[in-house]
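The values are calculated or read from the model by the stated rules, or taken from the named source; none is laboratory data. Predicted model only: the values in this text are computed from it and were never measured. Cβ: placed from backbone, ideal geometry, glycine included. Neighbour counts: every protein chain shown. Heavy atoms of the whole protein, side chains included, go into the accessibility calculation; ligands, DNA and RNA do not. Shrake-Rupley method; radii C 1.70, N 1.55, O 1.52, S 1.80 Å.
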Amino acid sequence: MQLRDYQLKGISDIAASFKAGYRRPLYVLPTGGGKTVIMSGIARSAQQKNKRTYILVHRQELIRQTSRKLCSFGVAHGIIWANQPMTDHHVQVASVQTLCRRLHLYQPADLIIVDEAHHAPASTYQRILQAWPAARVLGVTATPERGDGAGLDAVFDDLVLGPSIAELIALAYLSPILLYRPPRNYSLEGLHTRGGDWARDELMERVNTPQVVGDLINNYVTYAENEKGLCFTVSVEHAEYLARKFTLAGYPAASIDGSMSDSERAGVLHDFETDKIKLLMSCDLVSEGFDVPDCKVGIFARPSKARGLVRQQWGRILRPAADKDAAILLDHAGNSHYHGLPDWEPEWTLEGSKKRKGEAGESLPPQRQCPECYRVFPPAPVCPGCGYVFESKGRQVEYVDGKLELVPEKGADPRKLKIIEQAKAKTLTELIELGKNRGYKHPTIWAHQVYQARQAKDERVSS
């Protein structure tokens, strides 16, 4: 396979971390950025050096996905999974649960690669890591924190960051995002918290009402009718109920969950991949390691305090595909209120973060919502979706004592100069460079916003 530049850099950065003396680096790359490609490239290199490598995954879909990618790299490998024959390949893709039971049957690892490494503190992973303490360990994840916001510094000793979501969108390796947040018609006040998230039984009572369900269907019709989509739900019961309701409304849907047999799950996924069903409802099963690039719509019916879970779910929709000009996210749950816009990158650390909107510490960047189409975007005077122009409130002039200052370059208005400078940047690349030169914190996001606003204005003029 031909690796992308940032993937090659990721492999190089990981190697540099090991060379610097770290034993357990954690590599962070957004969902859809190609974590499995990087893992496969590293496994191939280890195989060429005759090192034993175990790639730990926690779901059968991830086993198949990782195995396919290793095959594309020409890496001979075994699979450690229920009912699979044992092999002596130097590279093994292992179900965490199965390997835990068979540790005594396998030779010690030289390298352990932990996929979806935010699960690494769990006892099953720890049993494997403790059994082979001499092994180097590489964690790979899109969200380097646990569900409760706690960090991963008890497992990993170095954080290696890949490109952000915004950077991958700018490079066309992820889809642009259209986020709509319909008016919230349920309240989360009074709900209890269990295990770091809202209690599911109480949450069900708030979100599984005819009004909310009707809103889900109506907004799917409005923004994304007949497009392939995923719907993230509070529970299995909620997923099954929504699948029935969407199907009755004329949009074939099905639910999927961990209680299904392997053949049942495979059948549902096949129907989804071949467009026999348009919508797939799930509580948690497709939140990680689910890869259907032409899936264009994400319907978010589950509010969650768990930033990692929410960002994993957002990422399911961002893979690019032919005829997919943008990913459409329908945030009925209001998670973007709580966790920021999907292409905003938190300041990840191994220590994690329990900081949230309204709490001391990490603050979310500002966002604006259009009152006409309900699209959400970074602050701008014009909605990039429908062209709605926000009323300018103007600025209050405050008079204070002071001395007059000489205006540089007679007659030059700094604000006007900035406008002229911005107008000269015609392309998206030039806008991104301008944002960097100005020292903006998120130059790529700013550039996309300006560029989209220009296109919306041009469309209004031409019409």
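What pairs come up if the first residue lies in the range 166-189 and is more than 24 Å from VAL213 (Cα to Cα) and in contact (Cβ under 8 Å) with a residue 60 or more places away in the chain, the second is assigned to a loop (DSSP other than H, G, I, E, B) and aromatic (Phe, Trp, Tyr), and their beta carbons are under 9 Å apart, counting only those six or more places apart or on different chains?
ALA166/TRP344; GLU167/TYR173
For every residue, the table says whether it meets (1) more than 27 Å from PRO144 (Cα to Cα); (2) out of contact with any Gly (no Cβ under 9 Å at 6 or more places or on another chain); (3) at pLDDT below 95; (4) aliphatic (A, V, I, L, M).
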{"site": "LEU8", "(1), (2), (3), (4)": "no, no, no, yes"}
{"site": "ALA20", "(1), (2), (3), (4)": "no, yes, no, yes"}
{"site": "LEU29", "(1), (2), (3), (4)": "no, no, no, yes"}
{"site": "LEU56", "(1), (2), (3), (4)": "no, yes, no, yes"}
{"site": "ILE63", "(1), (2), (3), (4)": "no, yes, yes, yes"}
{"site": "HIS77", "(1), (2), (3), (4)": "yes, yes, no, no"}
{"site": "ASN83", "(1), (2), (3), (4)": "yes, yes, yes, no"}
{"site": "GLN92", "(1), (2), (3), (4)": "no, no, no, no"}
{"site": "LEU99", "(1), (2), (3), (4)": "no, yes, no, yes"}
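Report the residue count in the range 348-382 for those that are among the small types (Gly, Ala, Ser), in a loop (DSSP other than H, G, I, E, B) and at pLDDT 75 or above.
Adding up the residues that qualify gives 2.
Are there any pairs, at least 6 apart or on different chains, whose C-beta atoms fall under 9 Å, with the first in the range 102-129 and modelled with pLDDT of 95 or more and the second open to solvent by 10 Å² or more (accessible area, probe 1.4 Å) and assigned to a strand (DSSP E or B), and if so, which?
Sorted first by the residue in the range 102-129, then by its partner, the pairs are ALA109/ARG136; ASP110/ARG136; LEU111/ARG136; ILE112/ARG136.
For the range 315-344, give me the residue count where each residue is hydroxyl-bearing (Ser, Thr, Tyr) and either touching a helix residue (DSSP H, G or I) at 6+ places or on another chain (Cβ under 6 Å) or open to solvent by 10 Å² or more (accessible area, probe 1.4 Å) (or both).
Of the residues in the range 315-344, 1 are hydroxyl-bearing (Ser, Thr, Tyr) and either touching a helix residue (DSSP H, G or I) at 6+ places or on another chain (Cβ under 6 Å) or open to solvent by 10 Å² or more (accessible area, probe 1.4 Å) (or both).
Please list, ordered by residue number, the helices (runs of 4 or more DSSP H) wholly in the range 403-463 having 1 or more residues that are open to solvent by 100 Å² or more (accessible area, probe 1.4 Å) and at pLDDT 75 or above.
Counting at least 1 such residues, we get 414-424, 428-437.
Can you tell which of ARG23, ARG52 is over 17 Å from the mean Cα position of the chain (by Cα) and under 17 Å from ILE80 (Cβ atoms)? Even if it seems obvious, please write down each step before you answer.
Working: ARG23 fails: under 17 Å from ILE80 (Cβ atoms).
Of the residues listed, the single one that is over 17 Å from the mean Cα position of the chain (by Cα) and under 17 Å from ILE80 (Cβ atoms) is ARG52.
Only residues in the range 362-386 that are on the phi < 0 side of the Ramachandran plot count as the first member; pair them with residues that are among the polar types (S, T, N, Q) and open to solvent by less than 20 Å² (accessible area, probe 1.4 Å), Cβ under 7 angstrom, at least 6 apart or cross-chain, and list the lot.
These pairs meet every condition: GLU362/SER353; VAL376/SER336; PHE377/GLN449; PRO378/GLN449; ALA380/GLN449; PRO384/GLN449.
For the range 102-115, give me each residue that is open to solvent by 10 Å² or more (accessible area, probe 1.4 Å) and of a type outside the set (A, V, I, L, M).
ARG102, HIS104, TYR106, GLN107, PRO108, ASP110
Of the numbered conditions (1) touching a residue at least 60 places away in the same chain (Cβ under 8 Å); (2) buried (at least 16 other Cβ atoms within 10 Å of the Cβ); (3) part of a loop (DSSP other than H, G, I, E, B), ASP294 fails exactly one; give the number of that condition.
All conditions are met except number (2).
Give all pairs with beta carbons closer than 9 Å in which a residue from the range 1-21 that is closer than 15 Å to GLY41 by Cα meets a residue that is open to solvent by 30 Å² or more (accessible area, probe 1.4 Å) and part of a helix (DSSP H, G or I); count only pairs at least 6 apart in sequence or on separate chains.
Correct list of pairs: MET1/LYS69; MET1/SER72; LEU3/ILE11; TYR6/GLU167; ILE11/SER45; ALA15/SER45.
From the set of residues in the range 89-101 that are in a helix (DSSP H, G or I) and open to solvent by 60 Å² or more (accessible area, probe 1.4 Å), which is farthest from SER261 (Cα to Cα)?
Across the range 89-101, the extreme among qualifying residues is ARG101.
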